[in-house]
1. Considering only protein heavy atoms, what is the solvent-accessible area of K191 at a probe of 1.4 Å, reported in Å² to the nearest 10?
2. Report P(r) for the stretch 1-115: all Cα-Cα distances, bin width 10 Å, range 0 to the bin holding the largest distance, values in whole percent.
3. Output wanted: per-residue J couplings in Hz (rounded whole) for the stretch 354-365, from phi through Karplus 6.51 cos²θ - 1.76 cosθ + 1.60, θ = phi - 60°, x for Gly and Pro.
4. Given that compact globular proteins tend to follow 2.2 N^0.38 Å, what is the ratio of the alpha-carbon Rg of the stretch 307-394 to that value?
5. Please give the per residue volume of the convex hull enclosing the alpha carbon atoms of the stretch 399-489, rounded to a whole number of Å³.
6. Compute the helix-to-body angle for 507-525: its Cα long axis versus the longest principal axis of the chain, expressed 0 to 90° and rounded to tens.
7. Set the bar at 26 Å for Cα to Cα. Now go through K267/K333; K393/K429; K66/K134; K300/K374; K374/K444 and name every pair that lies beyond it.
8. Hey, what's the per residue convex hull volume over the C-alpha atoms of the chain, in cubic angstrom?
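The values are calculated or read from the model by the stated rules, or taken from the named source; none is laboratory data. Because the structure is predicted, anything quoted here is derived from the model rather than measured. Reconstructed Cβ throughout: ideal geometry from the backbone, glycine too, with neighbour counts over all protein chains shown. Heavy atoms of the whole protein, side chains included, go into the accessibility calculation; ligands, DNA and RNA do not. Shrake-Rupley method; radii C 1.70, N 1.55, O 1.52, S 1.80 Å.
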Amino acid sequence: IKIYSLHVDCKVTSRFAHTVITSKIVNRANESREATFEVELPKTAFITNFSMSIDGKVYPGIIKEKASAQKEYDAAVSHGQSAGLVRITDRKLEQFHVSVSVAAASKVTFELTYEELLKRQLGKFELLIKVRPKQLVKHFQIDVHIFEPQGIRFLETDSTFMTNELTEALTTVQNETKAHILFKPTIDQQKINPELDETLLNGDFVVRYDVKRGATAGDIQIVNGYFVHYFAPPEMPAFPKNVIFVIDRSGSMAGRKIEQTRDALLKILQDLRQEDHFSFITFSRNVVEWQSSLLQATAKNVASAARFVQTLSASGGTDINRALLTATSVLDKAESLPERSVSMIILLTDGQPTSGETDVEVIQENIQKAVNGKYALFCLGFGFDVSYKFLEKMALSNGGIARRIYENADAALQLQGFYQEVATPILMKIEMQYPENAVEGLTKNNFKLFFEGSEIIVSGKISNELDLLPVEIKAQSHSSDLTLKEEANVKEKEQVFQNQSYIFGNFIERLWAYLTIQQLLEKSISAQEEDQKTLEAQALELSLRYGFVTPLTSMVVIKPTGQQQTELANKPTEAG
């Protein structure tokens, strides 16, 4: 079985990435063999299309509602279930895997398409392409086209497998608003050494970039009556933070996990700003406060905290409820904190609640009551023994987010990286306002906090024949209340994309659908049961209308007669 061609074609238009992976395989044996197509794609992406063509006959994947697809599948496969085609492989990726039997001397072409909205983190967008052909490929290429009407501020390509020879196969051409990256190594360049038929191509191929921004109310782009509004203010002073780290030191954290936690916390302490206030609460069966109140991050207090962190050891049960209630009461009682400041609780745990209150629903209620919208709660789940669903619901109900920390060598870096994302709040209570009578289907437009290095994205449909789309942004900064205004000329904005040959026409509409589905699914996590059903029904309708494989839909892959005929591609979620 030989892969004779593997192409990755990626078009990024204004942060929205559309990737097509095409693999052509020939069976050179004189009997039928199994051909496998295995692709790792970002978890944040939705698969939109898949097909196999075998000797000219095309077998397309069909996207259906998950429940009905599962029913059909169960009926077709009475002899036990196959594992499904998609599974999570690491903290950023999931894997799509399908195999099909190919007759002697026959050819098969696999084609997979997925789409995602690139998210700005720590000042850059990242396009991640996983490369792992497992054999030398005669025609191999990665072809990336980027078009950013705001202008490209910087662009870099990075890879975990580059050698001097391979660098020669990489070309980058860039102008003000466009970039084209082509990576096309010959068979010889792909070899680990000339004698062996082993490939160097194994790892990540990453493109990172950022766009230019004027000091205005963001940038608006319009195509076919749909708009997207990007907002990331330039450098601004940060709000002082009042942050309580709530650290699990139960028995299961013993060994490497507590070591990595110590390493990360020591680095994070160095990153606190002088005007921040902080404290630690550690918990197992018992809850221990490092100090009875928040301390300012002076050099002396940070040094004393570092000594405390170095003594952290792990044993006992897990009383998440009391630990978080203690944290909220420390913030409630705090005095002499800066008037304009941001209060947050960062919880790190690796297990289920086993001590004190153990009913997760009761804990969620208690915490929501205690936090009462005043503080942001971030929940980090270390490893796979945590109930991620519980942590995610708790974080989303209290203005924060949840993240899983994978038990790898780089766990300390994952913890630090998360802290860096939330370390610099520069705006609070951001409201993105649009004329009510002229805009419909608006995505989320109120945001509690804005962190430096990220970006706010709002999208919607312009309902009537508008000439000008006025926008107004209200927010609180460290020093004052802001109001920013901007007007977009609809005709001029539509013109920007008219003559771009490589853009798929309705990309802002698809971007709007992608963002809406993601937000509906996120909202449903912390919603009451009735609301949950409504939100999921809306997300399902959009997933089917736009052909996205989301947690509510499945792609049914039908194979040639005589093979296990039907397989399902489902979207895995972090909560499993």
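1. 40 Å²
2. Here the calculated profile for the stretch 1-115 is 12, 37, 36, 14, 1.
3. So the J values, rounded to whole Hz, are 10, 10, x, 6, 10, 7, 4, 5, 5, 4, 4, 4.
4. Computed over Cα atoms of the stretch 307-394, the ratio equals 1.16.
5. Numbers: hull volume 11.3 nm³, N = 91.
With only Cα atoms used, the stretch 399-489 gives 124 Å³ per residue.
6. Tilt relative to the chain: about 50 degrees.
7. Pairs exceeding 26 Å: K267/K333; K66/K134; K300/K374.
8. Convex hull volume per residue, Cα atoms: 178 Å³.
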